[in-house]
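Here's the structure, in structure tokens; my notes come after.
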Amino acid sequence: MSDKQQTIQSVLSEKRVFAPSEQFVRSARLNADKLAALHAAAAKDHVGFWTDLARKEISWQTPFTKTLDDSQAPNYTWFADGKLNASANCLDRHLATRGNKLAIRFEGEKGDVQLYTYQQLHAEVCKLANALKSLGITKGDRVVIYMPMVAEAVMAMQACARIGAVHSIVFGGFSAGSLRDRIDDAGAKLLITADGGHRAGNIVDLKKAVDEALSEGCKSIGNVLVLRRTGHKVGFQEGRDIWWHDLVPKQSDRCEPEWVDAEHPLFLLYTSGSTGKPKGIQHCTGGYLLGATVSSQWVFDLREDDVFWCTADIGWITGHSYVCYGPLANGATIMMYEGAPTVPDAGRFWKIAQEHGVTIFYTAPTAIRALMKLGDDWPKKYDLSKLRLLGSVGEPINPEAWMWYHTVIGQEKLPIVDTWWQTETGAIMISPIPGAVPTKPGSCTKPLPGIAVEVVDESGEIIKDNDVGGYLVVTKPWPSMLRTIWGDNDRYIKTYWGQFGNKYYVAGDSTHRDADGYYWIMGRIDDVLNVSGHRLGTMEIESALVSHPAVAEAAVVGRPHEVKGESVFAFVICRGERPIGAEAEKLAKELRDHVGREIGALAKPDDIRFAENLPKTRSGKIMRRLLRSIAKGEAITQDVSTLENPAIVAQLAGKA
Ligand code: WT7
């Protein structure tokens with residue numbers, strides 16, 4: 001059985017259904033009737049549905065008069081003649097009613113706690129926004145943020161939004177080289193960073209990576225604003241580098257928001273695709289903010305008295321929409337934690353949940369599996385009674401992990417929302433509504449109101465029946481959709497729309513829709529890996545490998561992994577003789593470190609296998625399916641007779 005068939009098998013045999021508890025339904029924002037009404041309104045008038053929500057949920061400085069413009073499809077615009085400011089929506093509009101309420105609860109790995117009310121956060125963001133202005137940053141300029149998971153990172157996002165600058169966050173785990181590529185592609189003028197961050201008892205030396213990145217290229221960068229976080233000694237280039245504490249505190253705590261068009265870019269976020277070059281996903285202000293705002297209400301049942309803990313780093317889209325913009329736009333309290341989940345022990349997450357009174361907990365299956373492995377005793381030590389909702393995101397959640405989450409963390413009564421979406425979609429697309437939709441372990445259930453999802457076959461025909469499989473597509477534009485790929489609109493059209501004649505947004509995932517119309521995501525259809533919920537292109541890792549002088553050729557595939565979901569498996573062909581024994585081990589270590597330096601530790605291959613050649617068809621194509629089977633250690637059932645070099649299979653399989 002192939003990978004996919006096996007998954008489908010286990011999915012089809014999953015028959016458990018969990019209805020929302022009566023207690024939850026009673027006070028839920030959306031019960032089944034209210035949800036049905038929303039679906040009906042959206043089905044009747046897609047554009048009208050979003051128009052009403054945009055008027056109600058967003059504070060506009062200038063109201064919009066036109067909702068959707070599809071004249072340049074698939075480049076859509078929403079609310080284009082409206083003006084707003086994302087930071088004013090997240091901060092200013094709460095000041096009158098909840099200025100003294102906590103906006104951020106932050107805890108560092110060492111246990112240091114910082115609390116910011118909306119009033120205080122507003123003041124800090126204004127000061128930082130004025131600091132950015134003093135450095136010559138104006139509307140439309142790109143600002144790269146390369147920071148640890150600290151409250152100041154959210155301030156940096158908000159400050160950019162406040163003055164109409166476009167932030168582009170680079171995850172702190174990415175290397176100097178990845179940082180440089182993203183700075184150059186975005187043409188960023190300013191880099192906001194920290195001397196370092198705390199992780200698993202170590203210091204993540206962000207400033208060192210910054211100095212390395214800026215040592216060549218990055219000519220667009222004028223200044224580097226450096227937050228002192230760890231206090232360890234770092235390089236400092238006078239004239240270019242500025243300490244946050246020298247510049248920010250002396251600024252005025254008032255800064256009038258820059259009113260921007262709804263379509264004004266709010267941020268870029270680079271993500272991997274099937275080529276070697278990451279793409280700068282461009283999100284706009286109005287539509288994105290609407291998506292983040294309403295999905296937070298619907299999916300997380302979010303209220304202002306919630307303490308919402310989304311464990312994602314702000315370097316990923318989840319951190320954008322559900323650490324920063326969604327919860328703050330709704331006036332909730334966000335929980336941020338800087339460090340590793342197992343420091344000082346495996347109970348850290350649950351201790352934080354108890355001490356900060358976390359009510360909503362949103363994390364990735366890889367984290368759930370890792371926590372599950374640490375045993376039930378850890379969560380049992382803590383009082384998790386404030387928790388009222390659990391969420392999952394980033395990859396399919398296996399039913400076993402779902403059941404553990406449900407039983408041990410959820411005490412068999414909390415709703416679990418398994419949320420499917422992507423960097424490109426900006427906000428959650430398919431997810432249970434906790435007070436309305438019964439859940440099934442492993443299924444993200446059904447699309448949200450106003451989100452038109454379908455399954456299509458190989459030829460792009462929509463399959464209306466249930467109990468079918470195919471490609472997942474979105475058939476109608478939605479407000480929080482990406483607007484383009486920064487600097488490459490052709491690639492935007494080709495990547496997301498080209499496959500079926502620009503008719504549908506092609507998500508890149510395959511899916512099964514069961515007899516009840518529930519969606520079960522099966523995984524990517526392109527050369528994209530999902531390692532611990534992080535998206536990596538196989539081509540990026542291959543390019544990193546071949547940039548090492550010893551490597552002639554490399555092919556990278558994913559291998560199922562108990563905790564990470566998928567791990568990186570690399571087949572490597574060397575320039576000289578194939579290394580064996582101790583020599584092979586030494587080179588494998590060197591290559592792992594090399595990939596770490598080129599991309600970041602998250603991309604390091606777990607397995608490296610050296611061979612004399614790759615399995616190629618006579619037309620020179622690498623047979624990746626075969627490599628995937630080999631990586632899994634499966635018996636080879638594929639027909640290898642079409643290979644140019646069938647004898648290589650045994651060697652690739654490690655048998656020669
Ligand atoms: C890809 C997008 C958007 C949040 C973080 C990832 C996979 C995401 C689920 C889920 C099954 C999921 C898909 C998708 N994915 N959520 N609930 N069930 N698969 O964002 O890095 O843009 O990756 O993650 O394959 O296409 P991303």
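Residue check: Ala544 meets all listed conditions (1) more than 9 Å from the ligand (Cβ to nearest atom); (2) not acidic (Asp, Glu); (3) not assigned by the TED database to the domain that holds Leu591 but one, namely (3). In the set (1) in contact with a helix residue (DSSP H, G or I) (Cβ under 7 Å, 6 or more places away or on another chain); (2) closer than 19 Å to Val551 by Cα, Gln638 fails one condition alone, (2). A count restricted to segment 307-326 and to residues that are surrounded by fewer than 24 Cβ atoms within 10 Å (Cβ to Cβ), within 9 Å of the ligand (Cβ to nearest atom) and among the small types (Gly, Ala, Ser) stands at 1.
Can you name every one of the strands (runs of 3 or more DSSP E) wholly within segment 239-299 that holds 3 or more residues which are surrounded by fewer than 22 Cβ atoms within 10 Å (Cβ to Cβ)?
By residue number, 241-243.
Residues in segment 618-644 that are at pLDDT 85 or above and of a type in the set (S, T, N, Q): Ser629 alone.
Mind listing whichever residues of segment 418-444 are part of a strand (DSSP E or B) and near the ligand (Cβ under 9 Å from one of its atoms)? Selection gives Asp418, Thr419, Trp420, Ile430. Taking Tyr405, is it surrounded by fewer than 23 Cβ atoms within 10 Å (Cβ to Cβ) and either within 12 Å of the ligand (Cβ to nearest atom) or more than 15 Å from His512 (Cα to Cα) (or both)? Here the answer is no, as Tyr405 does not meet what is asked. So which residues in segment 550-607 are at pLDDT below 95, of a type in the set (Asp, Glu) and more than 24 Å from Phe174 (Cα to Cα), if there are any at all? Passing the criteria: only Glu577. Could you please find all residues in segment 405-423 being among the aromatic types (Phe, Trp, Tyr) and farther than 13 Å from Thr366 by Cβ? Of everything in segment 405-423, those that are among the aromatic types (Phe, Trp, Tyr) and farther than 13 Å from Thr366 by Cβ turn out to be Trp420, Trp421.
If the requirement is being of a type in the set (Val, Ile, Thr) and without any contact (Cβ under 8 Å) to a residue 40 or more places away in the chain, which of these qualifies: Val546, Val557?
Details: Val557 fails: without any contact (Cβ under 8 Å) to a residue 40 or more places away in the chain.
Result of the check over Val546, Val557: Val546.
Per-residue answers, yes or no, for (1) part of a helix (DSSP H, G or I); (2) assigned by the TED database to the domain that holds Leu91; (3) surrounded by 14 or more Cβ atoms within 10 Å (Cβ to Cβ):
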residue	(1), (2), (3)
Asp33	yes, yes, no
His39	yes, yes, yes
Ala42	yes, yes, yes
Gly48	yes, yes, no
Leu53	yes, yes, yes
Ser59	no, yes, no
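Taking segment 64-164 and the strands (runs of 3 or more DSSP E) fully enclosed by it, the elements with 2 or more residues that are surrounded by fewer than 24 Cβ atoms within 10 Å (Cβ to Cβ), among the hydrophobic types (A, V, I, L, M, F, W, C) and without any contact (Cβ under 8 Å) to a residue 24 or more places away in the chain are at 113-117. Might you let me know whether segment 243-260 holds any residue that is within 16 Å of the ligand (Cβ to nearest atom), closer than 30 Å to Ala80 by Cα and touching a residue at least 60 places away in the same chain (Cβ under 8 Å)? Taking every residue of segment 243-260 in turn, none turns out to be within 16 Å of the ligand (Cβ to nearest atom), closer than 30 Å to Ala80 by Cα and touching a residue at least 60 places away in the same chain (Cβ under 8 Å).
Looking at segment 469-482, can you tell me whether even one residue there is assigned by the TED database to the domain that holds Tyr288, touching a residue at least 60 places away in the same chain (Cβ under 8 Å), part of a strand (DSSP E or B) and surrounded by fewer than 19 Cβ atoms within 10 Å (Cβ to Cβ)? Working first, answer last.
Of all residues in segment 469-482, those assigned by the TED database to the domain that holds Tyr288 come to 469-482.
If we keep only those that are touching a residue at least 60 places away in the same chain (Cβ under 8 Å) too, we end up with 469, 476-482.
Restricting the remaining residues to those that are part of a strand (DSSP E or B) gives 469.
Still in the list and also surrounded by fewer than 19 Cβ atoms within 10 Å (Cβ to Cβ): 469.
Looking for residues that are assigned by the TED database to the domain that holds Tyr288, touching a residue at least 60 places away in the same chain (Cβ under 8 Å), part of a strand (DSSP E or B) and surrounded by fewer than 19 Cβ atoms within 10 Å (Cβ to Cβ), one finds at least one in segment 469-482, hence yes.
Among the basic types (Lys, Arg), away from the ligand (no atom under 16 Å from the Cβ) and at pLDDT below 95: is that true of Lys373 in this structure? Spell out how you get there, then give the answer.
Working: among the basic types (Lys, Arg): yes; away from the ligand (no atom under 16 Å from the Cβ): yes; at pLDDT below 95: yes.
Yes, satisfied.
Checked against (1) within 15 Å of the ligand (Cβ to nearest atom); (2) outside any helix (DSSP H, G or I); (3) in the same structural domain as Asp457 (by the TED database), Gln499 passes all but condition (2). Selection of first residues in segment 378-401 that are in the same structural domain as Gly347 (by the TED database) and in a loop (DSSP other than H, G, I, E, B) and of second residues that are modelled with pLDDT under 95 and among the β-branched types (Val, Ile, Thr), restricted to Cβ pairs under 6 Å at least 6 apart or on distinct chains, gives an empty result.
Taking the conditions (1) over 27 Å from Ile599 (Cα atoms); (2) within 17 Å of the chain's Cα centre (by Cα) in turn, Ala153 satisfies each one other than (1).
The values are calculated or read from the model by the stated rules, or taken from the named source; none is laboratory data. All values reported here derive from a predicted model rather than from experimental measurement. Virtual Cβ from ideal backbone geometry, glycine too; neighbours counted across all protein chains shown.
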